[in-house]
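Since the structure comes first, as structure tokens, the remarks are kept for the end.
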Amino acid sequence: MIILLTQTLLLLFITGWNEVELFGVSYDKLFNIIIFMVVGLSILSIIMVAELYKMVEYETEFKIQQVKLEESKKSIKNLRSQKHDFLNHLQTIYGMVQLGKKDKVKEYIRSLNKDISKVDFKQDILSNSILDSILISKKLEAVKAGINFDCKVEVGVEEVNFPIDKLFRVLSNLIDNAIDAVKDSGNKESIIVKGTDRGEEYLLSVYNSGSVIGGELQENIFKPGFSTKGEDRGFGLYIIKSLIEEFGGELRLESKNGFGTEFSCYLKKIK
């Protein structure tokens, strides 16, 4: 701002004084000096804007890394807190299996999570794919929130050119976003997860019947740091999109009245 003001004053000076000698310097020489200064200041302005742009990029990347670090810390903390109980439960279940008490094993598992008895894991819903484990846990979350949760995942997802840990992360985040979008609604909302083998690519989509994302929000929703939920938010979808594009895929959004909202991941398959 200071540079721009200085340039303006210099230009006003040379346009307002046609005949003047300042400190023995003629108008022509003074004109050339001022033009040189204005050009120099313009170049300096461009350099400063470029540096500011780099600083914004560095800040955005720093926040993204902070989000990833916080997610990792939460995961590590949860794993540590659950490790002891998990080992105890596993030893108990193993002992029952060794004794041939299969019915007791089922009863014991149900007692660990009373909500699991409310969930009907039909054979035609699951696909014996690598995603079944995460779909079961997310369906339990949806049931607790009073949300209908359906999924139909075709075989072939194991063939995508996408690391399994990142695939779990993408699907988990999209389902979590869908649950957040519909759990506060007064209506009986639903979430549908689909996996479709399309030959050279695999389409993985997460649909929810909750609130619609408006046109202006759709244009900005994948930008880093953009969020309607406050500061230091809005990096989840940007990270998901970046991960998918890193491996040659594409993330699309469809959201409109009378339909709902659907995020579709087009994942390239290993050739």
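The values are calculated or read from the model by the stated rules, or taken from the named source; none is laboratory data. The model shown is predicted, which means the values in this text are computed figures rather than measured ones. Here the Cβ positions follow ideal geometry from the backbone for every residue, glycine too, while neighbour counts run over all protein chains shown.
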Considering region 196-249, residues that are at pLDDT 85 or above and charged (D, E, K, R), and then whichever is surrounded by the most Cβ atoms within 10 Å (Cβ to Cβ), we arrive at LYS241
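If the requirement is being touching a Leu at 6+ places or on another chain (Cβ under 6 Å) and either of a type outside the set (A, V, I, L, M, F, W, C) or in a helix (DSSP H, G or I) (or both), which of these qualifies: LYS138, LYS188, LYS166, LYS194?
On the way: LYS138 fails: touching a Leu at 6+ places or on another chain (Cβ under 6 Å); LYS188 fails: touching a Leu at 6+ places or on another chain (Cβ under 6 Å); LYS194 fails: touching a Leu at 6+ places or on another chain (Cβ under 6 Å).
Answer to the check: LYS166.
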PHE162 meets each of (1) in contact with an Asp or Glu (Cβ under 8 Å, 6 or more places away or on another chain); (2) buried (at least 17 other Cβ atoms within 10 Å of the Cβ) with one exception, condition (1)
Of the residues in region 238-263, those that are closer than 11 Å to VAL170 by Cβ and in contact with a Ser or Thr (Cβ under 9 Å, 6 or more places away or on another chain) come to LEU251, PHE263
